[in-house]
Amino acid sequence: MSAGKLRPALVAALSMALVAGAAGCTQAARPAPGSPAAATSPGPPACLALTAPAPVTQTTVNTIEQAYYCVFAHYYDGPELADQVLLAGAFAGFTAELDRLGLDQADAAMPALTGNRGRDWDAFAAVYQKVTSLMPATPAQQQALAAATLTGMIASLDDNHAWWAYQPLPPGYVPGEDYGLGITTSPAYELATAAPQEALPPLFVTAVAPGSPAAHDKIPLGDYIVSVDGAMAFAGGVVSPGVMNLLYAPYPQAGSVSLRLRRPGNRHTRTITLTPALYRAAAPAVSAKLLDRNIAYVQLPAFFDGAADQVRAAIANLAARASLRGLILDLRGNSGGAPAEVASLLGSFVHGAAWSYDCDEHGHCTANDTDSSPALLHLPLVVLIDRNCLSACDAFSGAVKDLRLGTLVGTRTAGIVSAPATGYRLDDGSLLYLPARHELGADHELINGIGVPPDYYLPLTAWDLSTGHDPDLTKALALLGQ
């Protein structure tokens, strides 16, 4: 359920390899003989089982084949999935990249597919190899074609927790560093890429990472991002994926990025130039303080390992200083994380309750219960949420609402919560993430693609950020003061 993985940041991709365990992707089980999908080819070599980040090498047709069979073996409805879906998506990605590179070929036509996984793969691979062997492509272009093919294949699943991560290491990289501009926006990269039709204008800065290029240029919170490299952030009300990719700077990215910014309430714009770079990424941590003398305010940026214990420790430290009469848990911008941390933190408010369900393709669901080991806090709870609260944050917020544990204030969550994903290492060193189940909320409702609505709708605007005003926090204090 981790979502930092959706963002093309270097550390997110590498750390997720360790969190997910980088399981070995073995050959998929073949359908029963005689079934429509029965495969005839011997299948791909097993994916490599690694427990640490590995340098990436050239992505080949063998890599694409590994991913193809891994989906059937490990994806949510892999056993029932029609291979035509995967191969059509793969071929669409392949031909689109051919066209983009100016290398389109007369023989680059989709072969006839029958629904037999083995024979269909052989037909697809024959066309792919024929086209790529005849054209005058450089190694970089061959890599771009393979990457577009594999990306198109996984995108055909239309699942926000299924993705492929091919992450070269920047020169000089050391563990604990991140790469990019260091800007976080509203709408967030995850929402803008997973559901661009739901990303609403304007695009503005919500956070700047310490030590990043954006921090060195002292970009203030709340600034509108009017354009990036001359491209408007929104065109016809739809966010530009190219702009978002430039802002979040997946490595490698050539050269500098030009941003045209405007302060809220100011008609004048200014232009700055930033160059993506490595910078020391701060480890996620809980922050806490007392408000109105006896209200605990705790900010949780992600459900990282140990997050629930950090929240409880922060509350205990505040309780030692005052007799607490309420808790404000700020999950705005929370990028998700480990389901175990969700269960643990919810266990501070209710024991042994089903907070979500993981369901297979046949609708058979397994309950995920809250942890009964933490002591109950017995504090009135207000949770601050927004459209940048996603994945595990979606799930936590849904549980608070369904189980009536507190009040939600802010805006609807992102709705990027299909299910927890497991990582599988491919032979080029890249990672394939696939969820084996799909998730429903505590009331068996679908949150994925929809989000969790707040009890009190109060958007935090660019003007609020630029002036230091926080209507969500003001409302939370008023609710706890009643």
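All of 275, 271 fail the test of being over 27 Å from residue 396 (Cα atoms) and modelled with pLDDT of 95 or more, apart from 271.
Which ones in segment 56-77 are of a type in the set (A, V, I, L, M) and either part of a loop (DSSP other than H, G, I, E, B) or outside the structural domain of residue 145 (by TED's automatic domain parsing) (or both)? Full working, then the answer.
Let us first name the residues in segment 56-77 that are of a type in the set (A, V, I, L, M), namely 56, 61, 64, 67, 71, 73.
Once the filter is applied, which keeps residues that are of a type in the set (A, V, I, L, M) and either part of a loop (DSSP other than H, G, I, E, B) or outside the structural domain of residue 145 (by TED's automatic domain parsing) (or both), segment 56-77 yields only 56.
Filter segment 310-323 for residues that are of a type outside the set (Ser, Thr, Tyr) and more than 35 Å from the chain's Cα centre (by Cα); which is surrounded by the most Cβ atoms within 10 Å (Cβ to Cβ)? Among those residues, the one meeting the criterion is 322. Given the options 313, 288, 281, name the one that is touching a strand residue (DSSP E or B) at 6+ places or on another chain (Cβ under 6 Å) and over 30 Å from residue 251 (Cβ atoms). Residue meeting the stated conditions: 288.
Taking segment 344-371 only, how many residues are among the aliphatic types (A, V, I, L, M) and surrounded by 22 or more Cβ atoms within 10 Å (Cβ to Cβ)? Walk me through how you get there before you give the answer.
Step one: of segment 344-371, the residues among the aliphatic types (A, V, I, L, M) are 345-346, 350, 353-354, 367.
Adding the requirement that they be surrounded by 22 or more Cβ atoms within 10 Å (Cβ to Cβ) leaves 345-346.
Residues that pass the stated criteria total 2.
Would segment 449-463 turn up any residue that is touching a residue at least 40 places away in the same chain (Cβ under 8 Å) and closer than 30 Å to residue 68 by Cβ? Show your work before the answer.
At the first step, the residues of segment 449-463 found to be touching a residue at least 40 places away in the same chain (Cβ under 8 Å) are 449, 451-463.
Imposing the further condition that a residue be closer than 30 Å to residue 68 by Cβ reduces the set to 449.
Yes, some residue in segment 449-463 is touching a residue at least 40 places away in the same chain (Cβ under 8 Å) and closer than 30 Å to residue 68 by Cβ.
Scan segment 242-280 for residues that are closer than 13 Å to residue 228 by Cβ and either outside the structural domain of residue 191 (by TED's automatic domain parsing) or of a type in the set (Val, Ile, Thr) (or both) and the total you get is 6.
Among the residues of segment 452-482, those that are surrounded by fewer than 19 Cβ atoms within 10 Å (Cβ to Cβ), in a loop (DSSP other than H, G, I, E, B) and touching a Lys or Arg at 6+ places or on another chain (Cβ under 8 Å) comprise 453, 455.
In this structure, residue 431 qualifies as outside the structural domain of residue 312 (by TED's automatic domain parsing) and touching a Gly at 6+ places or on another chain (Cβ under 6 Å).
Residues checked against (1) in contact with a Gly (Cβ under 7 Å, 6 or more places away or on another chain); (2) under 18 Å from residue 180 (Cα atoms):
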| residue | (1), (2) |
| --- | --- |
| 224 | no, no |
| 228 | no, yes |
| 235 | no, no |
| 238 | no, no |
| 245 | no, yes |
| 249 | yes, yes |
| 262 | no, no |
| 272 | no, yes |
| 277 | no, yes |
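Note on segment 372-404: residues that are within 24 Å of residue 316 (Cβ to Cβ) and surrounded by fewer than 22 Cβ atoms within 10 Å (Cβ to Cβ) total 11. Just to be sure, is residue 269 out of contact with any helix residue (DSSP H, G or I) (no Cβ under 8 Å at 6 or more places or on another chain), β-branched (Val, Ile, Thr) and either more than 30 Å from residue 232 (Cβ to Cβ) or free of Cβ contacts under 8 Å to residues at least 40 places away in the same chain (or both)? Answer is no for this residue. One residue alone among 245, 266 is over 25 Å from residue 300 (Cα atoms) and surrounded by fewer than 16 Cβ atoms within 10 Å (Cβ to Cβ), and that residue is 266.
Please verify whether residue 71 is of a type in the set (A, V, I, L, M, F, W, C), in contact (Cβ under 8 Å) with a residue 12 or more places away in the chain, over 17 Å from residue 138 (Cβ atoms) and buried (at least 17 other Cβ atoms within 10 Å of the Cβ), treating the condition exactly as stated.
Numbers: of a type in the set (A, V, I, L, M, F, W, C): yes; in contact (Cβ under 8 Å) with a residue 12 or more places away in the chain: yes; over 17 Å from residue 138 (Cβ atoms): yes; buried (at least 17 other Cβ atoms within 10 Å of the Cβ): yes.
Answer is yes for this residue.
The values are calculated or read from the model by the stated rules, or taken from the named source; none is laboratory data. The model shown is predicted, which means the values in this text are computed figures rather than measured ones. All Cβ positions, even for glycine, are placed from backbone atoms using ideal geometry, and neighbour counts span all protein chains on display.
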